[in-house]
Amino acid sequence: MRALRYLRRRRRPHTDSAVLACEAVVELVQLYLDGATDDLTSEEVGHHLDMCRRCGLQADVYLQIKATLAANRPVPDDAVERLRRFGEQLAVHGLPGSP
Amino acid sequence: MAAAHDHPALTDEAAFELYVLPEVEVLLRVALSMTRNAADAEDLVQDTMLRAFRGISRFDGRYPRAWLLTILRNAHVNRNRRRRPELLRDADAGTSLLETQTPDDSAEEVAVGQTFDHVVEDALARLPDRYRRVVELVDMEGLSYRGAAESLGVPVGTVMSRLHRARRRIRDQLIASGLVSAGSRR
Ligand SMILES: [Zn+2]
């Protein structure tokens, strides 16, 4: 994708080459949350969101929008069932491997 | 043991049942759209639940969904990192800024609930048809960019730009209604 290559070049100067600038992350964050960025870009965007509170909060708002919009989408029942059981185990017995 | 959440009598285990278990389906939906892979999504939600359990005593009980989605995002970063161990770099610790902050710090800025859903619905209804259609296909029905592009007979790039602009408008609407902070608004 040409847009991605362009954004990659706009890294913040004079810092770690792996640090994307906020303006690049703002352009990439929705792609990232849609699972549409490649591994390296995902790593870089995720790292930025971890370190930058503003971009992190923005990403969280998009996740909440996603959660709201997806509310009626079917999910695999068996996966939900397994996760519920996992959660119930946690609630009853605590963390695996701890007394 | 007693926990910090709103119900002083609640044990961590009870708090986990009350705040986390009802959100499992929501978390799985979001995880599916982030990972585009059923097995990865399930693992990611499991990771999220473990982290939530470890952090539940510090959770104050407000906006559990927002709290859990932040945890999910952090868990996702660490999973990417694990897949690419050569990229560990300085970010080894893996505890992120938001996760270590006091819970009400971020809850203050991101309110969720019926009002949130209502503003999202309202913003969606106000979008021009061609934008709303893309949101419906991708976010509500779960199609990929490519799937939406085929269904609409437009290029994938068009789907992406319409979708991203549409969500940005929804977010702007949330900011305008005071439900979320402006943050890095553009
Ligand atoms: Zn940033």
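The values are calculated or read from the model by the stated rules, or taken from the named source; none is laboratory data. Since the model is a prediction, treat every value here as computed from it, not as a measurement. Note that each Cβ is placed from the backbone with ideal geometry, even for glycine, and that neighbours are counted across all protein chains shown.
Of all residues in segment B:20-37, those satisfying the criterion of being farther than 18 Å from A:R85 by Cβ and part of a helix (DSSP H, G or I) are B:R29, B:V30, B:L32, B:S33, B:M34, B:T35. Restricting attention to segment A:59-75, the residues that are within 16 Å of the ligand (Cβ to nearest atom) and over 11 Å from the mean Cα position of the chain (by Cα) total 1. Filtering segment A:38-58 to residues that are buried (at least 20 other Cβ atoms within 10 Å of the Cβ) and either closer than 18 Å to B:W67 by Cβ or away from the ligand (no atom under 16 Å from the Cβ) (or both) leaves A:L49, A:D50, A:G56, A:L57, A:Q58. Residues that are without any contact (Cβ under 8 Å) to a residue 40 or more places away in the chain, of a type in the set (S, T, N, Q) and at the interface with chain A (Cβ under 10 Å from one of its Cβ atoms) within segment B:138-186 comprise B:S161, B:S184, listed in sequence order.
So is B:L124 facing chain A (nearest Cβ under 8 Å), in a helix (DSSP H, G or I) and at pLDDT 95 or above or not? Spelling it out, B:L124 is indeed facing chain A (nearest Cβ under 8 Å), in a helix (DSSP H, G or I) and at pLDDT 95 or above. When B:V45, B:V30, B:V26 are screened for being at the interface with chain A (Cβ under 7 Å from one of its Cβ atoms) and closer than 20 Å to A:L95 by Cα, only B:V45 passes.
Every residue in segment A:27-36 that is over 16 Å from B:A41 (Cα atoms) and either more than 15 Å from the ligand (Cβ to nearest atom) or at pLDDT below 95 (or both), please. Correct list: A:E27, A:L31.
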